[in-house]
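Each reported figure results from applying straightforward, stated rules to the coordinates on display, with no laboratory input. Only a predicted model underlies this, so the values are computations on that prediction, with no experimental measurement involved. Quick reminder, even Gly has a Cβ in these numbers, built from the backbone with ideal geometry, and neighbours come from all protein chains shown.
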Amino acid sequence: MIGDITPRSSVERLKRGVYGKKELQREFDAALVAAVVGMSRAFIARALDRPGSRPKTFTLAEVLILLDVDGFQETFIPRSRIPEYLLRDAVAPPSEIPALRRSARELAGAKLLVGDARDLLPRLDPGSVQCVVTSSPYWGMRVYDNERNVRWADGESCPYGFEQTPEGFIRHTIEMLVLLKPAVAQKGSVWWNIMDTHNTRTPIRGNARERLDAMGEAPGSRKGWTEHGACRHSAGHMYLDDTELSSIPPRIAERASRVGYKLKSFITWRKHTSTPEAAKSRVSRQAEYLLHLSIDRTPFFDKGAWQALPPELGGPNKQYESTEKITDVWSLPTSSGQNGHGAAFPVALAGRCVALTSRKGDLVLDPFLGSGTTAIAAIELGRRCEGYDISEKYIDVAEQRISLAIGQQPTSVESASEAGVGLRDASSAKVAPKRASPSRKGKPARRRTGNKKQTVASPDGLESVG
Ligand SMILES: C[S@@+](CC[C@H](N)C(=O)[O-])C[C@H]1O[C@@H](n2cnc3c(N)ncnc32)[C@H](O)[C@@H]1O
């Protein structure tokens, strides 16, 4: 059961003078230090009075100097916890998802995995993903099926999107981006759909309409707002007042750039309809945002492929958009919401991103697959696809939607470790915990056959370590 969100910012300070000589001289990988302090390696060399050098490691004593530099900005670890993180936690702890049934299915070149993206991302082959299109949970907005705690590098333990503060959510999003980065091809792109949250008191529900009903906006609804299962409160934040916008998307954009992505564009998705919300002292929202991030300064980008697309796959929307020039305002419909998932984006959005930044046969990834929209677009455009979701129910929905789209029955369901699915073996993953493969554990495979699905799944192997 999910608890309330109370944005009470904790008061923490960086402790100095508690580290001995040996700890202060310990060396840490330069790329990791650059990601936690949010500075480029060239800038760090300058800040440490070694301009022009490119050190491979930095000591804890040097890290403490960097934490005092003007312009320091936390990325995925709060400043006060950075020394402890480097000294003790830098190898990511296993995620806390007991009894999560990890399984994989495959159809039409798409591999769908039930699992925590934080566990699965580090297992991808380096440089194997050309294009990522995804929409993570937004902060404090939706209750999804099967919410499970994830243990994060900053010490918080909560489902993604259920952090106590927007800062926690921003940190966790950056942690996901840091885990994803090694898998993105040099000329690849990441398209990250994100929305902002007002710091208001509200029940948290499956979709915006349910939330309005719960607030008593629907006729006949008399429940007080705190009588609902999960609520978001608004008092106690370090500076955000009640009803204020949290500024989450621009803060994620800045930090993505600080951890080494190139921020190519900050796109406004102008939806055809506005968000149903009871706003009396401000304008209603009709926009969401999309960050276009890359590894290289000049990622692969094919405007011609976009021009050739039909509108339903994200080609120019002639009513609102030029057919010549693609700009940073995209006019696309909202999803119909009829597919068993309250927060899907339209196929046109995913198709546009896939066509612009990948070629036929490339691997497209969606680590928060939901109802499978990215996979549908990728298959339509002849790309391979891999998608994760923590909810088995949503992976089922995705499988059914893809089957309908391609006019084929689902073909296989198998345990994640047997499936391969472009994942490196856990033992070679940099930060993922080791798992025993189901076959090594000597458990027999269970085969369930029927008209629709073939299941080859060892129940034991499907358990997540946690
Ligand atoms: C905004 S929805 C994605 C919707 C999707 N774009 C679509 O069109 O259907 C976010 C999804 O992230 C999933 N999710 C939440 N935490 C996760 C985690 N730690 N790992 C993988 N998936 C997660 C939720 O179950 C939810 O389906």
* Structure fact -> The residues THR173, THR6, THR298, sorted from fewest to most surrounding Cβ atoms within 10 Å, come out as THR298, THR6, THR173
* Of the listed peptides 236-246, 398-408, 179-189, 76-86, what is their order by residue-averaged count of other C-beta atoms within 10 Å, with the highest listed first? -> 179-189, 76-86, 398-408, 236-246
* To do: Take each of the peptides 148-155, 377-384, 7-14, average the number of other beta-carbon atoms within 10 Å over its residues, and list them starting from the highest.
  => 377-384, 148-155, 7-14
* Structure fact -> Non-local residues with an amide H under 5 Å from the amide H of LYS264, with H modelled 1.01 Å from N and Pro and chain starts lacking one, are HIS292, LEU293, SER294
* Asked: Near GLN286, within a Cβ-to-Cβ distance under 14 Å, what is the net charge of the other residues, with Lys and Arg +1 and Asp and Glu -1?
  -> +1
* To do: Report the label-to-label distance for GLU27 and ASP125 in nanometres (one decimal), using points 7 Å from each Cα along the Cα→Cβ vector.
  => 3.2
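With a sphere of radius 14 Å drawn around the Cβ of VAL11, what net charge do the other residues whose Cβ falls strictly inside it have (Lys, Arg +1; Asp, Glu -1)? Please list the in-between numbers first.
Values: positive: ARG8, ARG13, LYS15, ARG79, ARG81; negative: GLU12, GLU167.
So the environment of VAL11 carries a net charge of +3.
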* Asked: Considering amide H positions built from the backbone, and no H for Pro or chain starts, which residues 5 or more places from ARG285, or on another chain, come under 5 Å of its amide H?
  -> THR275
* Work out, in µm²/s and without decimals, the Stokes-Einstein translational diffusion coefficient of the range 21-89 at 25 °C, 0.890 mPa s, Rh from Kirkwood over C-alpha pairs. => 206
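Where Lys and Arg each count +1 and Asp and Glu each count -1, what net charge lies around ILE248 among other residues with Cβ under 14 Å from its Cβ? Provide the component values of the computation, followed by the final result.
Values: positive: ARG171, ARG232, ARG251, ARG255, ARG285; negative: GLU163, GLU167, ASP196, GLU244, GLU254, GLU288.
Once all neighbours under 14 Å are counted, the net charge is -1.
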